[in-house]
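Student: I am attaching a structure below and will ask some questions about it afterwards.
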Amino acid sequence: MELNGVGEAALALQSTLGESMRNVLKRSLLAGIAVACAPTTAAWAQTAEPNAQPDTATLEDVVVTGLRSVSGTRQEIKREAQGIVDSLTSEQIERTPDLSLAESLERIAGVNGVIGFQVSESRTVTVRGFDARYNSFSIDGNPIWNSSRNNRGTQLDVFPTSVVNQVSVFKSVTADLDANSIGGHVGLRTLRAFDGGGRPYLTARSSIGGYDQESLTGDGALDYRVSFAGKRTFADGRWGVVIGAETQRYDYYDEYNQVTGYAQVGGVDVVSGSLFRGLFQHRTQRDALYGKVEYGAQGDLYGFLSLNYFRQQDEDDSHRGGVFLSPARITGAASGTGNFTNAVTEVYLERYDLDRETFLAASGFDFRVGDTGAINVRASYTRYDNDETTSRTERFQFSGLSGSYDISRTDPAVTLIPRAGFDDATNYVYRTNRDAFINQIPHKDDVYSLRADFNGNTQPGAQGFGVSTGLYFRRLDRQFDRTQLNYRQPTGTTFRLSTVVDPDAPSQRPTGTGPLIVDPDSLWSFIRANGTFSQNDFLTADYNLVEDVVAGHASLHYNLGRFGAILGVRVEDTSYTNQNGELRSGVVVPVDRNFEYTEVLPNAQLRFDLTPDFRLRAAYTETLGRPDFVDFAFGRTVNLDANGNPVISGTNPFLKPRQAESYDLSAEYYLQNGLVSLGLFSKELTNETFTQRIETRDASGLIILTETT
């Protein structure tokens, strides 16, 4: 669609129909509208010359105008990078049906999504095979922090794709980046008001659809996604504003199988435990709201203040059912197959609820110093609330079943010999004297960061010597508090499966080999009302942690024609104060611990242009991976053995970080509208975290101390 000479704006409208909203969506209706505005500079004109023939005309001037891009190309980003970098821009992301940043990043070579707990969608990412714990993340130069329960991995599925103008994966990190980057560093850049020459810009997107596996109860609710992002400048182009929002909801279920254990009988592996089938109902509501005010003065000063709010709510019901097999009751066992007698078939419910809220206030300014220098300052505050609840009921059981199993196939199978009553939910009775539980696992993080950098003659195209240096501070204040609520049905309680089968689900009868869809509210109402209550406060698992990271970096840059080099070093000092509980002979004692370590990390980046379009790169970097909270922040248990000597088990409060030496080679060939690149890398890791048992003995060989950490 082309509009010419219609005033100060050109308007483009686009509608799309898609066959697939996600990889699990087979039939859908997808409608999208994208709107963008940009000024036009001229229109074509047609004028007849005085001596021309009446039936002819000469076209004097034709100027074709279009929408000016608000993001650079992947080729430009990669070519101008100081290290080995791969990127995606908003224009590329908008062409995909991806719902979150974690999904979009899978489109970069060397980056893979990692699904979340009991879901089939990506929650975090790996970089070159290293999961999120080994990588660092930033947004507009400020750190992203929204780690999961007990590790440091950033969860990128809370970020809708509409917030991203550009995302870059730094596979060889430079000294100015967070050293917790063994795999790499992921940097997000949001839309700026001054992008695209400061022209007004608005994009909006909407979609509705449905999944084949939409809902176990047949509620028929439509999935939807609505987002917009826009920018404009004012006050003669000195000030700018960016706003955006997104909301999305989707609801689907997965099918899965699970074998919980094995044992060896006569040299053959046989099932020892449950052989379950599951139906997993997943519901997600994701909301985002963000805004930014910017100031720019003739290229000498740029400043911004942004406020961002992200929330994701997950409700997951896992309906499970199948047989429980004891090795003693298995006969005719062969590789992956066997027969069984007197087995128990079971039905039960697990539930997982997650509510994650992130509030990020960020600011920064870039100040030009002379012709080739710049001072860059960034500051941010993040409040992250991660409220997790897991629950599991006890099992409804029916016993006395015989049959066979085959787990050698992709889809494990159980064949039962029919027994009277096994297909009647009334005959499945709830097991007593075992706990059903609700596990409440909230944690709250307050994160403060400040950094200041100076760069002199390091900009793209600079020649000769340059220097970059800076300081960085980050404080994490984390509160972790776990509580488990237990409900045990007393002996003599008769609670039948038929009373809690979900009436909204399609007609269903027990098969003995799979689940039934139960009504979670009815099930838990009975359990709470009739069960004996107890509570576990997990005082040795609770902790209050304050962790400070102070870092400094300096690098010498040299560029001459086709050759460029960066030699640098980063020094990071990490210290923490941790309050937790230690269980000593059955009594929980409060404990305060302090620990500190310093790492010196050299860094080298080289490039050489064989031709203007063919570039070689090499890099040597040293990085680290700080230990997970579950490995050092929890409390310990101290007991005495039969001889009165201490036995200590738990975490290691003095755990140092993982360390890595990385070697990178890259060849990049730039085409007119694309690029071809090939990378090789090697990483040598030391000081990896593991569990060990140490026994200290006296001169006679008697154990006087046992430690398991």
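Student: Looking at the range 353-402 only, could you name the residues that are charged (D, E, K, R) and within 30 Å of Ala297 (Cβ to Cβ)?
Tutor: Asp366, Arg368, Asp371, Arg378
Student: Across the range 250-260, which residue is nearest to Tyr201 (Cα to Cα) among those that are in contact with a Phe, Trp or Tyr (Cβ under 6 Å, 6 or more places away or on another chain) and of a type outside the set (Ser, Thr, Tyr)?
Tutor: Out of the qualifying residues, it is Asp254.
Student: Here's another thing I want to ask about it. Where in the range 222-340 are there strands (runs of 3 or more DSSP E), lying wholly inside it, with at least 3 residues that are touching a residue at least 60 places away in the same chain (Cβ under 8 Å) and either charged (D, E, K, R) or closer than 30 Å to Tyr381 by Cα (or both)?
Tutor: Hits in the range 222-340: 223-234, 239-259, 273-297, 301-325.
Student: Restricting to the range 640-681, give me the number of residues that are surrounded by 15 or more Cβ atoms within 10 Å (Cβ to Cβ) and either closer than 30 Å to Arg570 by Cβ or touching a Phe, Trp or Tyr at 6+ places or on another chain (Cβ under 8 Å) (or both).
Tutor: 21
Student: If a residue has to be buried (at least 23 other Cβ atoms within 10 Å of the Cβ) and touching a Leu at 6+ places or on another chain (Cβ under 8 Å) to count, how many in the range 169-197 make the cut?
Tutor: 8
Student: Only one of (1) surrounded by fewer than 20 Cβ atoms within 10 Å (Cβ to Cβ); (2) at positive phi fails for Thr491. Which number is that?
Tutor: Among (1) surrounded by fewer than 20 Cβ atoms within 10 Å (Cβ to Cβ); (2) at positive phi, Thr491 violates only (2).
Student: Something else now. Restrict the check to the range 198-206 and report whether at least one residue is in a strand (DSSP E or B), buried (at least 18 other Cβ atoms within 10 Å of the Cβ) and free of Cβ contacts under 8 Å to residues at least 60 places away in the same chain.
Tutor: Among the residues of the range 198-206, not one is in a strand (DSSP E or B), buried (at least 18 other Cβ atoms within 10 Å of the Cβ) and free of Cβ contacts under 8 Å to residues at least 60 places away in the same chain, which makes the answer no.
Student: Here is a follow-up. Can you pull out the residues in the range 551-563 that are closer than 17 Å to Thr174 by Cα and of a type in the set (A, V, I, L, M, F, W, C)?
Tutor: Those that are closer than 17 Å to Thr174 by Cα and of a type in the set (A, V, I, L, M, F, W, C): Ala551, Ala554, Leu556.
Student: Could you grab me the full set of residues in the range 93-118 that are hydroxyl-bearing (Ser, Thr, Tyr) and either buried (at least 22 other Cβ atoms within 10 Å of the Cβ) or outside any loop (DSSP other than H, G, I, E, B) (or both)?
Tutor: Ser100, Ser104
Here's the yes/no breakdown for (1) under 35 Å from the mean Cα position of the chain (by Cα); (2) at pLDDT 95 or above; (3) part of a strand (DSSP E or B); (4) under 22 Å from Tyr669 (Cβ atoms):
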| site | (1), (2), (3), (4) |
| --- | --- |
| His553 | yes, yes, yes, no |
| Tyr558 | no, yes, yes, no |
| Ser575 | yes, yes, yes, no |
| Gly581 | yes, no, yes, no |
| Asn594 | yes, yes, yes, no |
| Ala604 | yes, yes, yes, no |
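Student: Only one of (1) more than 23 Å from the chain's Cα centre (by Cα); (2) surrounded by fewer than 20 Cβ atoms within 10 Å (Cβ to Cβ); (3) among the small types (Gly, Ala, Ser) fails for Gly291. Which number is that?
Tutor: Just one mismatch for Gly291, condition (1).
Student: In the range 175-202, which residue that is within 23 Å of the chain's Cα centre (by Cα) and hydroxyl-bearing (Ser, Thr, Tyr) is modelled with the lowest pLDDT?
Tutor: Thr190
Student: Then there is this: So which residues in the range 514-530 are buried (at least 20 other Cβ atoms within 10 Å of the Cβ) and in a loop (DSSP other than H, G, I, E, B), if there are any at all?
Tutor: Scanning the range 514-530 gives Gly514, Pro515, Leu516, Ile517.
Student: Which of the residues that make up the range 531-545 are surrounded by fewer than 16 Cβ atoms within 10 Å (Cβ to Cβ) and closer than 22 Å to Pro653 by Cα?
Tutor: Within the range 531-545, Asp537, Asn544 qualify.
Student: So which strands (runs of 3 or more DSSP E) are wholly in the range 373-472 and hold at least 3 residues that are at pLDDT 95 or above?
Tutor: Once the strands (runs of 3 or more DSSP E) in the range 373-472 are filtered for at least 3 residues that are at pLDDT 95 or above, what remains is 373-392, 396-406, 435-456.
Student: Determine which single condition Gly679 fails, assuming it passes every other condition in (1) on the phi < 0 side of the Ramachandran plot; (2) modelled with pLDDT under 85; (3) not hydrophobic (A, V, I, L, M, F, W, C).
Tutor: Among (1) on the phi < 0 side of the Ramachandran plot; (2) modelled with pLDDT under 85; (3) not hydrophobic (A, V, I, L, M, F, W, C), the lone unmet condition for Gly679 is (2).
The values are calculated or read from the model by the stated rules, or taken from the named source; none is laboratory data. Source: prediction; values computed, not measured. Heads up, the Cβs are rebuilt from the backbone with ideal geometry, glycines too, and the neighbour counts pull from every protein chain shown.
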